[in-house]
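Have a look at the structure below, then the notes.
Every number in this text was worked out from the coordinates using simple rules, so none of it is lab data. Being a predicted model, the structure only gives us computed values, none of them experimental. Note that each Cβ is placed from the backbone with ideal geometry, even for glycine, and that neighbours are counted across all protein chains shown.
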């Protein structure tokens, strides 16, 4: 294994044996041996279940690998194998240096021990000497920030306190490989921000981080690469944005089987004259867009303007933005939903809305097969100066769920210019600042 590789998995798989009845366990322990002694063919009294199949991955020093996948896809099993708490059935795992992991809430804590006692116990299991622990003890306690609860049994802790103590111990021992399984989801906002700052510090020091989360934005913001698991197998591995898009396919119940409007679907005549060209011919069209849907509708075109007509991909911050989307329906849809998203180039969601959930909604307009519907979104463009990607789509509401008909992610590029020389952050709220002399006593100082 190369010196730059901190974690490597080769052909890792995990198989469990499932028994329908308790007596089958006894039969499996006795009968196959008897049949072998009698020269008879063996017989199995169990069903094999592969929780993980043939996983290959590498994480270099200073890299963060994000793992996405639906529940039951094998994420936690993979992390347990990477952390060394579970042995694989096939394949092998190689690690370099100290491995620290948060696999589940409170894992490894003795509920009758105090937080201090569990802290010392966990640190010793991670290989810290007493001298190392004494040197880092105050930093761990300060990071956890649980006050007097440090001296109380952990069975009295809330879920947030469990995470605080577990993360503090695991992240403050300077591991070479740090594995986190969805533990940050229960922390409050301030603690989550502190945890991600700590992750950035670890990455800067050359630590390899493996992060399992159901939050796609965490993957696009913090990970250098990502993989998607589905039904125990590796579906794809690559750049975070591509992995997030593939994950959204799974979570929204739509495989990217074909492009809408293909495979012999009946094509209707072009819509009204206001539809001047296809979306692919628009200025700012992104040929790397990610598109999927079941083909029952088709997003034909999209126009960005200030509301006075004329497509534009460059606008000034603070101006009105009108997004017009033309959709052709190939089947009757009693409750179609038209949506819009704006994201940064690295995948951070800035704004999203749709015709069902917007402030004045729901807006329900049934569509007939062959009909072209124009959806119009009017909003104030309060984005800070920079480049953004606009996504559009149409879905059908079925039993309260949105079934994608045609979604075109990152279809158009939008460039926002600002009249002010400098803004900070992702939005420009147009703050007005004034300074006044005030001789009154400041509140709270009387």
*asked:* If packing is taken as the average number of other Cβ atoms within 10 Å across a peptide's residues, how do 292-300, 362-370, 342-350 rank, most packed first?
replied: 292-300, 342-350, 362-370
*Value at 222 nm in deg cm²/dmol, rounded to 500, when DSSP H runs of n ≥ 4 in the chain each add -39,500 (n - 2.57)*: -7000 deg cm²/dmol
*asked:* If I fit a long axis through the Cα atoms of helix 130-144 and take the longest principal axis of the Cα atoms of the chain, what angle between them do I get, 0 to 90°, rounded to 10?
replied: 30
*Tell me, in nm to one decimal, what length is gained between residue 40 and residue 121 on full extension, where the rule is 0.36 nm per residue of separation less the Cα-Cα distance?*
24.0 nm
_Global size of the range 272-417 as Cα Rg and Dmax, reported in angstrom_ = 14.6, 42
*Given [x] 61, 61, 45; [y] 69, 51, 44; [z] 86, 80, 43, the label whose value is Cα extents along the principal axes in Å derived from this model*: [z]
*Would you please give the FRET efficiency between residue 322 and residue 398, computed as 1/(1 + (r/R0)^6) with r the Cβ-Cβ distance and R0 = 25 Å, to the nearest 0.05?*
0.25
*asked:* I'd like the distance separating the alpha-carbon centroids of the range 410-439 and the range 276-332, in whole Å.
replied: 26
*Relative to the longest principal axis of the chain, what angle (0 to 90°, nearest 10) does the C-alpha long axis of helix 240-251 take?*
90
*Tally the DSSP beta bridges in the chain and give the antiparallel ones as a percent, rounded to 5.*
75
*What list do you get for 61, 152 if you sort them by fewest beta carbons within 10 Å?*
152, 61
*Expressed in nm to one decimal, what extension gain is obtained for the pair residue 85 and residue 278 from 0.36 nm per residue of sequence separation less their Cα-Cα distance?*
64.1 nm
*With springs connecting C-alpha atoms under 10 Å apart, model the chain as a Gaussian network and identify which of 37, 161, 251 has the largest mean-square fluctuation.*
37
*Kindly state, to the nearest 0.05, the FRET efficiency for residue 205 paired with residue 331, given R0 = 56 Å and r defined as their beta-carbon distance.*
0.50
*Any chance you could give the angle, 0 to 90 degrees and rounded to 10, that helix 159-171 forms with the longest Cα principal axis of the chain?*
70
*asked:* Which of 329, 214 has the fewest other C-beta atoms within 10 Å, and how do the rest follow up to the most?
replied: 214, 329
*Give the order of 155, 326, 50 when sorted by the count of other beta carbons within 10 angstrom, beginning with the fewest.*
155, 50, 326
